[in-house]
């Protein structure tokens with residue numbers, strides 16, 4: 001049953017729901033909703049799960065994406081929005097949590113933040129399509145389990161136009177990833193581990209250019225294709241600390 005839930009106050013929590021239209025003036029937590037919900041929040045949104053297509057509008061948000069869901073997201077504030085998945089992660093030596101992507105037997109998500117004005121921090125899963133907005137975004141691939149699935153791991157990444165974006169490749173175990181708009185924002189960069197950076201010149205020397213696209217192959221068997229870009233240079237990459 002479709003419901004209209006309007007003018008909620010501060011710090012509300014909603015469970016379930018399908019085809020609902022929900023608005024809140026302040027912070028809101030939504031857990032395990034059904035399909036085709038429209039959520040508008042003046043403050044911060046925490047959104048866990050979802051089905052089908054979900055339309056989300058918030059100052060900023062933390063979104064734990066469900067398998068196979070389409071998210072249309074608009075962030076209105078300058079703060080970060082975080083996109084994560086139902087699997088956990090581990091901390092690196094600097095205490096930064098590295099989230100693994102969705103396991104190989106899960107369906108990927110389409111996360112469209114092209115109309116968003118806030119920065120996106122997205123942890124990418126298998127089969128995902130991630131579309132950033134006009135602010136600086138960080139899109140991170142950390143498929144530590146990809147080796148179990150070989151090159152079946154894949155994702156398509158759009159940083160969005162406007163401010164420069166960072167595409168990070170952490171703990172790679174193979175797979176093929178497409179950066180679809182690397183040339184759309186000046187200053188876009190790819191972040192690699194220190195060991196990958198030490199081998200970068202060999203990687204660039206062995207790049208493949210075909211049909212106006214460039215593919216590089218890292219020594220962990222990760223392949224990255226840059227669409228509509230044939231002029232990759234060393235300064236397009238930097239080491240992740």
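Taken together, the values in this text are just the output of simple stated rules run on the coordinates, not laboratory data. Computed from a predicted structure; not experimentally measured. Quick reminder, even Gly has a Cβ in these numbers, built from the backbone with ideal geometry, and neighbours come from all protein chains shown.
Using R0 = 22 Å, the C-beta based FRET efficiency linking residue 206 and residue 114 works out to 0.10.
Which three numbers, in whole Å and largest first, are the semi-axes of the equivalent ellipsoid of the range 122-241 derived from its Cα gyration tensor as √(5λ)? Present the calculation step by step, with values, prior to reporting the outcome.
Details: eigenvalues 73, 58, 40 Å².
Each semi-axis is the square root of five times an eigenvalue, giving 19, 17, 14 Å.
Here the extension length gained between residue 32 and residue 184 equals 51.2 nm, from 0.36 nm per residue of separation less the Cα-Cα distance.
Once you place label points 7 Å from the Cα toward the Cβ at residue 213 and residue 231, how far apart are they in nm? With each label placed 7 Å out from Cα toward Cβ, I get 2.1 nm.
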